[in-house]
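Read through the structure below, which is laid out as structure tokens, and then see the notes.
The values are calculated or read from the model by the stated rules, or taken from the named source; none is laboratory data. Since we're looking at a predicted model, the values are computed, not measured. Ideal geometry is used to build each Cβ from the backbone, glycine not excepted, and the neighbour counts take in all protein chains shown. When the accessible area is computed, the model is the full protein with side chains, heavy atoms only, and any ligands, DNA or RNA have been set aside. Shrake-Rupley method; radii C 1.70, N 1.55, O 1.52, S 1.80 Å.
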Amino acid sequence: MEYYSFCPVCNLQVLSNEIERHANDHFADHELARDLEFAQQIQLAPPTPLVDSAMHCQSNFSDTHQSTSLLRDAAAETDACEGSDVDGKFCSLISLQLKETFYQVEGGLIALLRNCLASESQDTTSILSGYVDHFQSREWEDIGWGCGWRNIQMLSSHLITQRQEAREVLYGGAGFVPDIASLQRWLEIAWELGFDAQGSNDFDREIYGKRNWIGTTECAALFRSFGLRAMVVDFCSKGTPSASSTTALHHGKMASEEIVGKGKLTKVYGPMDRYLSRRDNSFTHEIFTMPEDCTHSCGPVGKIKGHGVIIDWVWNYFSDNNSTKPSSHRVVLSEKAPLYFQHDGHSRTIVGIQAKRQTNGNYQYNLLILDPAHRTEALAKSLEQNCGWQKLIKRGIHTLKKPQYQLCFIEPGIASGEEIDQLKVLYGINIEV
């Protein structure tokens, strides 16, 4: 069976295995000028010995930021980093990384969305992430390939604002969301440290300055390199290519299956895109134990079928597995981080979910989604005027038409010790819908 996708630039329907090439053809090479300028800055940075670089990082950041020592320890224990000056690269990137510029919404986009949800009927319950900035793809920079990076920026904005422990380690404790070029450098460092080393081979371990699509595994590898417990969930329809197939959605080969509740714990590696890559299907058998505080690994409860499984999982995630059905009109701010939401050809960020009670007593659910393809200013205006925002943000189960979806979610806390080594190999929960 052949799968088709719509080009995010010209909206033309093309074969899924040709969509990346087609989208990239819309752009000219001169758009990489800013990235090349950033590369030149790094190249011209004065070289420093590894020990001096490490000491420099310690003196500047050890009082308030733990990520330098965390990554240094990981580098020392990773064979992939032998002979490399990963510590020096880390320190240089802390100084040279650029803060992303974006349209800042006065009062915050989530606050506006909360007000609009609160103004709706009395038979709804909505759960939202506490804070998320929206990062849009720009026509002159990343339209057609940058949605994955924009979603990483959205997740980062929440983590830096809402979780103090994450703020202290992310991007060297910079306290801001880096631009795409800087994020590409951080991902290269994560690969060099051994995070998703198998998946990095598909990029030849280099992503900086490229327009390759990324998926949930790259998102997870990047956040895991800072000690964050990023996990991947794969929802796959019956009849779609199996986990061991050579073609499928942003999801690499899987193996080492272990039953976890009603889902399968499977080894994954990026780029998670069966439609865009082919790879060898052999790897060693490794067993990984999910953290005890990972409360969303068992999949849906009950007899929910089809894409309703995804809705059920997302509701349980934001409600922290509270099985009580929504019963009164309210808008609740959750402590949960947003979700990186991937499907064939595009990715978005889930910032919450809404349940509306129907006259027959059942509930209709809508995912609340921020799309990098939308203009932030237009989103803010529609929310401020409480007009038209539903079409931009609400997505019901009827919109879930793809055969496969994936989520990347981030559990609380910072890993240390042996857990860091465990995080280097990516495992995901495989749930049939």
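Once you list every other residue whose beta carbon is under 11 Å from the beta carbon of Gln122, what net charge do they have if Lys and Arg are +1 and Asp and Glu are -1?
Numbers: positive: Arg330, Lys356, Arg357; negative: Glu120, Asp123.
Taking every other residue near Gln122 into account, the sum is +1.
What does the charge add up to near Val332, with Lys and Arg as +1, Asp and Glu as -1, over the other residues with Cβ less than 11 Å from its Cβ?
Numbers: positive: Arg114, Arg330, Lys336; negative: Asp320, Glu335.
Combined, the nearby Lys, Arg, Asp and Glu give +1.
Heavy-atom accessible area of His134 with all protein chains present, probe 1.4 Å, nearest 10 Å²?
Rounded to the nearest 10, that gives 10 Å².
Quick check: net charge around Phe235, other residues with Cβ under 10 Å of its Cβ, Lys/Arg +1 and Asp/Glu -1?
It works out to a net charge of -1.
What residues have an amide H closer than 5 Å to that of Tyr363, excluding those fewer than 5 places away on the same chain, when H is modeled at 1.01 Å from N in the peptide plane?
Under 5 Å from the amide H of Tyr363 lie the amide H atoms of Gln358, each far enough along the sequence or on another chain.
For Ser319, Ser347, write out the residues from largest to smallest accessible area, computed with a 1.4 angstrom probe and no ligands counted. Please report the intermediate quantities before stating the final value.
Details: Ser319 25, Ser347 0 Å².
Reading off the accessible areas and sorting them downward yields Ser319, Ser347.
Show me the ranking of peptides 148-154, 218-224 by mean Cβ neighbours inside 10 Å, starting with the highest.
Highest mean packing first, the order is 218-224, 148-154.
Of Lys305/Lys402; Lys356/Lys391; Lys210/Lys336, which pairs sit farther than 22 Å apart, going by alpha carbon to alpha carbon?
Those over the limit are Lys210/Lys336.
Provide the per-residue ³J(HN,Hα) series for the range 172-182, in order, calculated from phi with Karplus coefficients 6.51, -1.76, 1.60 and θ = phi - 60°, each as a whole number of Hz, with x at glycine and proline positions.
x, x, 5, x, 9, 8, x, 6, 4, 4, 5
How many nm separate the modelled label positions at Arg211 and Asp123, each set 7 Å beyond the Cα in the direction of the Cβ?
My value for the distance between the label points is 4.8 nm.
Considering only protein heavy atoms, with the full assembly of protein chains and a 1.4 angstrom probe, order Glu100, Glu335, Glu206 by accessible area, largest first.
Glu335, Glu206, Glu100
For a quick protection proxy, order the peptides 378-386, 192-200, 305-313 by their average other-Cβ count within 10 Å, most packed first.
For the peptides 378-386, 192-200, 305-313, the packing ranking is 192-200, 305-313, 378-386.
With each pseudo-label sitting 7 Å past Cα toward Cβ, what's the Leu333-Asp204 distance in nm, one decimal?
Each label point is offset 7 Å from its Cα along the Cβ direction, giving 4.7 nm.
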